[in-house]
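Structure record follows, encoded as structure tokens.
The values are calculated or read from the model by the stated rules, or taken from the named source; none is laboratory data. Please read these numbers as outputs of a predicted model, since none were measured by experiment. All Cβ positions, even for glycine, are placed from backbone atoms using ideal geometry, and neighbour counts span all protein chains on display.
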Amino acid sequence: MRTDVSKINEKTRHQDLTEGLMMFAGGTSKEFNTGEWRTNTPVVEWDKCRQCLLCAPVCPDSSIPVKDSKRLDFDYDHCKGCGICAAVCPFNAITMKEGK
Ligand code: SF4
Ligand code: SF4
């Protein structure tokens with residue numbers, strides 16, 4: 001049986017836990033607005049963006065959604081403002097702005 005760690009509470013039976021509390025499912029990060037921590041904010045200039053999609057896979061917070069082979073605007077609920085996407089964009093289409 002899989003352990004859903006978000007549902008462990010005082011009523012959880014030890015028989016229901018996985019060995020070593022190993023996790024076999026996604027965590028709970030999507031349930032939290034981790035973007036609240038952001039001190040710098042990436043902004044895309046759409047006229048410069050060539051949709052090369054190099055920025056999307058390097059985002060450590062999966063905050064650059066891609067649909068139909070095109071990147072969409074940032075998921076600011078979860079983007080923590082690390083600036084990696086701006087650093088990798090070969091067309092300088094992403095600018096980091098101070099603040100949220
Ligand atoms: S600033 Fe960092 S967390 Fe935010 S979208 Fe870019 S790579 Fe992802
Ligand atoms: S890396 Fe730059 S040009 Fe490529 S999709 Fe991302 S923002 Fe657009």
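Here are a few things to note about the model shown:
- For the stretch 70-78, the criterion of a residue being at pLDDT below 95, under 27 Å from S6 (Cβ atoms) and either aromatic (F, W, Y) or exposed (fewer than 11 other Cβ atoms within 10 Å of the Cβ) (or both) is satisfied by no position.
- On the stretch given as the stretch 36-58, residues that are free of Cβ contacts under 8 Å to residues at least 40 places away in the same chain and outside any loop (DSSP other than H, G, I, E, B) total 5.
- Residue among G26, G20, G81 that is small (G, A, S), part of a loop (DSSP other than H, G, I, E, B) and at pLDDT below 95: G26
- Counted residues, the stretch 59-100 - those being without any contact (Cβ under 8 Å) to a residue 40 or more places away in the chain, within 9 Å of ligand 1 (Cβ to nearest atom), within 10 Å of the chain's Cα centre (by Cα) and on the phi < 0 side of the Ramachandran plot: 6
- D77 touching a helix residue (DSSP H, G or I) at 6+ places or on another chain (Cβ under 6 Å) and more than 9 Å from ligand 2 (Cβ to nearest atom): yes
- First in the stretch 7-35 and at positive phi, second anywhere and surrounded by 11 or more Cβ atoms within 10 Å (Cβ to Cβ), Cβ under 9 Å, 6 or more apart: L21/T3; L21/V5; L21/I8
- The stretch 29-69 - residue that is more than 10 Å from ligand 2 (Cβ to nearest atom) and of a type in the set (G, A, S) and, of those, surrounded by the fewest Cβ atoms within 10 Å (Cβ to Cβ): S69
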